[in-house]
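*Asks:* Sending over a structure as structure tokens; questions will come in a sec.
The values are calculated or read from the model by the stated rules, or taken from the named source; none is laboratory data. Keep in mind that what you see is a predicted model, and the values were worked out from it rather than measured. Heads up, the Cβs are rebuilt from the backbone with ideal geometry, glycines too, and the neighbour counts pull from every protein chain shown.
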Amino acid sequence: TLPATANGPRLWVDAGNVHGKYGELKDANDKHINIYAGIIPRTQNGKGTADFCKSGKAIWADFDKVNPREAWKKCISSGLPSPSMVINSGHGAHVFWALKSKKDVYEISCLVSDIATLLGSDPSVSDAARILRLPGFVNWKEPQAMAELLYSSNNRYDFSEIRGAVPVVKIEPKQPTTDPNKKATPAEIIERARAYVEKIPGASHPGRNQVAFRVAACLLRDFRLDHSDALGILAGW
């Protein structure tokens, strides 16, 4: 699916219809509406959350304000295979590796997050519903620039081949210290989460954002805290 976003409603176009809708999309882009592409297919048209993304055939990395050729070289020097596609987003680079077969989006998201840690690229793009710039259209974010396809190939990889080249960044789940059948109060959960993250070492530039992202994900996903409680603990950490 392909959404064109502005301040108003989104226009969604099936990937197979992009060519036929090019004129309409170009007109929208000329009116300063940004054009994006969803990496993982949705199970229902127009749905923009990960709940509607079940499986996909691509792995990606997003480099902000990095020359695409330098991003490409960093991928190779880090032990990753040659990309299947490289895009100049207008303000950075999007690098993709195509898979031979579909993979569950949870495993894809974990790998994309670990790749961001390995490469020092944007850690926030691991969500299965991520949309990135579609080449051939203007990126209107200042300074405006054209998103361009720089490289495309028939390279296709087994998921295990890429997964094996990327270290797993894993935060071990907290082991229960009380009766597992006793339901913890919200205050107890918050204190457990605070004590847990205090044991996680920090990191210096350029890895600190990636580590902080994983801590935040742990608070939200593993401890299931709401955003305000998680943010307070993250700020203290």
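*Asks:* Under 6 Å between Cβ atoms, which residue pairs at least 6 apart in sequence (or on different chains) link something in segment 190-204 that is at pLDDT 85 or above and surrounded by 16 or more Cβ atoms within 10 Å (Cβ to Cβ) with a partner that is of a type outside the set (Phe, Trp, Tyr) and in a helix (DSSP H, G or I)?
*Replies:* Filtered contacts from segment 190-204: ILE190/ASP229; ALA193/LEU219; ALA193/ILE233; ARG194/ILE233.
*Asks:* Then there is this: ILE76 - would you say it is modelled with pLDDT of 90 or more and either out of contact with any Phe, Trp or Tyr (no Cβ under 7 Å at 6 or more places or on another chain) or of a type in the set (Lys, Arg) (or both)?
*Replies:* For ILE76, the condition - modelled with pLDDT of 90 or more and either out of contact with any Phe, Trp or Tyr (no Cβ under 7 Å at 6 or more places or on another chain) or of a type in the set (Lys, Arg) (or both) - is met.
*Asks:* Name the residue that is surrounded by the fewest Cβ atoms within 10 Å (Cβ to Cβ), counting only residues in segment 206-228 that are touching a Leu at 6+ places or on another chain (Cβ under 8 Å) and closer than 26 Å to THR185 by Cβ.
*Replies:* Only one residue fits best here, namely HIS227.
*Asks:* If you don't mind, there's one more thing I want to ask. Conditions first: (1) assigned to a strand (DSSP E or B); (2) surrounded by 18 or more Cβ atoms within 10 Å (Cβ to Cβ); (3) of a type in the set (Gly, Ala, Ser). ALA98 passes all but one, so which condition is the exception?
*Replies:* (2) is the only condition that ALA98 fails.
*Asks:* Run down GLY79, GLY90 and say which single residue is assigned to a loop (DSSP other than H, G, I, E, B) and in contact with a Lys or Arg (Cβ under 8 Å, 6 or more places away or on another chain).
*Replies:* It is GLY90.
*Asks:* Sort out which residues of segment 144-153 are in a loop (DSSP other than H, G, I, E, B) and either without any contact (Cβ under 8 Å) to a residue 40 or more places away in the chain or surrounded by 12 or more Cβ atoms within 10 Å (Cβ to Cβ) (or both), and write them in order of number.
*Replies:* ALA147
*Asks:* Could you list all residues from segment 39-67 that are part of a strand (DSSP E or B) and surrounded by fewer than 22 Cβ atoms within 10 Å (Cβ to Cβ)?
*Replies:* SER55, GLY56, LYS57, ALA58, ASP64
*Asks:* Let me ask something additional. When the residues of segment 43-54 are narrowed to those that are of a type outside the set (Val, Ile, Thr) and within 17 Å of VAL125 (Cβ to Cβ), which ends up modelled with the highest pLDDT?
*Replies:* Per the criteria, the residue is CYS53.
*Asks:* Residues in segment 38-55: is at least one of a type in the set (Phe, Trp, Tyr), in contact (Cβ under 8 Å) with a residue 40 or more places away in the chain and under 21 Å from PRO135 (Cα atoms)?
*Replies:* no
*Asks:* Sticking with this structure for a sec: Given (1) more than 17 Å from the chain's Cα centre (by Cα); (2) under 17 Å from ALA15 (Cα atoms), identify the lone condition not met by LYS73.
*Replies:* (2)
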